[in-house]
Amino acid sequence: MVHQAPTGSVEGEIIALLPKLRAFSKSLTKSRSDADDLVQETLMDALAHLDGYQENGKLKAWLFRIMRNAFLTRCKKAKREVCMPLEDSIFSQPAPAAQEWAIDLRHLYEAADELPSHLRHVFIKVMEGQTYEAIAAECGCAVGTIKSRVNRARHQLAEKMDWDTHRVHH
């Protein structure tokens, strides 16, 4: 039996926001399954900490912040993981120091500061959890224009950071 949250409840509002959560997760991740996993993780975190949500707060912004933080945590974790053949000893390769991630993050912020202002603005807005629609309304342009700018910003950042551009997706 599927549980349906009462209309007007926070749980009901969360369910209503699922399409926007899915869209945001797809903008952050490289695959549909990763996006689905991120939505699920976000919902689990949100429901586990629902008592910390203030009823008069902005639920969508709260959920997007949870998702963004979960995504950044995943990125940090992936950066620390070392892939090696099974036959290698687990102790044969050193793990990267935690400081390396902090340096990479600082370089990302510096690279973002070098983006043209129109790209930097929309990229930051997306990372803050704003929808393409809201950003388009603020900028007075089409949603497709915003998506294009975010995509260009991602690719420019990937080049500046010397990342594999195939890992940077829409």
- Message: Please compute the modelled spin-label separation between residue 155 and residue 15, points set 7 Å along Cα→Cβ, answer in nm with one decimal.
- Response: 4.1 nm
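Based only on other Cβ atoms within 10 Å, what is the fewest-to-most ordering of 15, 135? Walk me through the intermediate numbers first.
Details: 15 14, 135 23.
Starting with the residue having the fewest Cβ neighbours, the order is 15, 135.
Order these by the 10 Å Cβ neighbour count, fewest first: 67, 44. List each step's numbers first, then the result.
Numbers: 67 22, 44 12.
Taking fewest neighbouring Cβ atoms as first place, the list is 44, 67.
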- All other residues with a Cβ under 12 Å from the Cβ of residue 71 taken together, and with Lys, Arg as +1 and Asp, Glu as -1, what is their net charge? +3
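Coordinate-derived values only; no laboratory data. Keep in mind that what you see is a predicted model, and the values were worked out from it rather than measured. Note that each Cβ is placed from the backbone with ideal geometry, even for glycine, and that neighbours are counted across all protein chains shown.
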